[in-house]
Amino acid sequence: MLKVGVLALQGAVREHVCSIEEAGAEAVVIKTKEQLREVDGLILPGGESTTMRRLIDKYDFMEDLKQFAAKGKPIFGTCAGLILMAKNIVGYDDPHIGAMDVTVERNSFGRQRESFEADLDIKDVAENFNAVFIRAPHIVEAGENVEVLAKHNGRIVVAREGQYLGCSFHPELTDDHRLTAYFIEMVKKAKNEKPV
Ligand code: GLN
């Protein structure tokens, strides 16, 4: 069975585990960097990117996360997870993992809209996806190999670049598992292309 990890240093972990299981794969709660070797794909959950970054450094995860990406293994960054995987962050000199060729802006939907829901048309995934945004980032700029899968009010909120998938919202907070299922398809394909 496909194994998909959820980085469990902080943030919405349990809901992602349920979502992965609903979508038909085995979920692994990743608490140590050694566990990254066990999994075929990885979800970076929402939470608080600066806190997660501190914990990534504290538990010495960074090099292994970069290697995971360099091996071509799929990564799905949701909300703060998208910020962790972006190559550029507005207002910061350096990225975190810096894997996906996008520029993101944090908390970019404004204070008065700290959290909201929106129905999205996500290419190849769903025409009516109910998305929960919580102090969400958005993608300001996408590199040439990045495919934009959804926008909300003209802002990019779902995108894919090869093995990387990123979204601004929290797909694990509803019963709609179609975006997670789409990611699991990516993991399946990557695994079949590169048998271990
Ligand atoms: N605002 C958070 C950050 O910048 C992300 C919010 C979230 O993951 N729900 O890290």
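Bear in mind that the values in this text are calculations on the coordinates, not laboratory data. All values reported here derive from a predicted model rather than from experimental measurement. Glycine also receives a Cβ, built like all others from the backbone with ideal geometry; neighbour counts cover every protein chain displayed.
Summary of values
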read-out	value
Scan of segment 132-165 for residues that are over 15 Å from Met100 (Cα atoms) and out of contact with any helix residue (DSSP H, G or I) (no Cβ under 7 Å at 6 or more places or on another chain), ordered by number	Phe133, Ile134, Arg135, Ala136, Ala150, Lys151, His152, Asn153, Gly154, Arg155
Criterion: touching a Pro at 6+ places or on another chain (Cβ under 6 Å) and either closer than 24 Å to Asn107 by Cβ or not small (Gly, Ala, Ser) (or both) - qualifying residue of Ala80, Ala12, Ala8	Ala12
Residue among Gly91, Gly72 that alone is over 21 Å from Met186 (Cα atoms) and not in a strand (DSSP E or B)	Gly91
Test: residue in segment 5-12 that is loosely packed, with under 15 Cβ neighbours inside 10 Å and under 22 Å from Gln163 (Cβ atoms)	no
Those residues of segment 161-194 which are assigned to a strand (DSSP E or B) and either touching a Leu at 6+ places or on another chain (Cβ under 6 Å) or within 16 Å of the ligand (Cβ to nearest atom) (or both), in sequence order	Leu165, Gly166, Cys167
The one condition in (1) without any contact (Cβ under 8 Å) to a residue 40 or more places away in the chain; (2) within 16 Å of the ligand (Cβ to nearest atom); (3) basic (Lys, Arg) that Arg53 fails to fulfil	(1)
Count of segment 19-50 residues which are among the hydrophobic types (A, V, I, L, M, F, W, C) and assigned to a helix (DSSP H, G or I)	2
Count of segment 103-162 residues which are of a type in the set (S, T, N, Q), loosely packed, with under 13 Cβ neighbours inside 10 Å and in contact (Cβ under 8 Å) with a residue 40 or more places away in the chain	1
Counted residues, segment 1-29 - those being more than 16 Å from the chain's Cα centre (by Cα) and polar (S, T, N, Q)	0
Considering residues of segment 66-79 that are of a type outside the set (Phe, Trp, Tyr) and surrounded by 22 or more Cβ atoms within 10 Å (Cβ to Cβ) only, the residue nearest to the ligand (Cβ to nearest atom)	Cys79
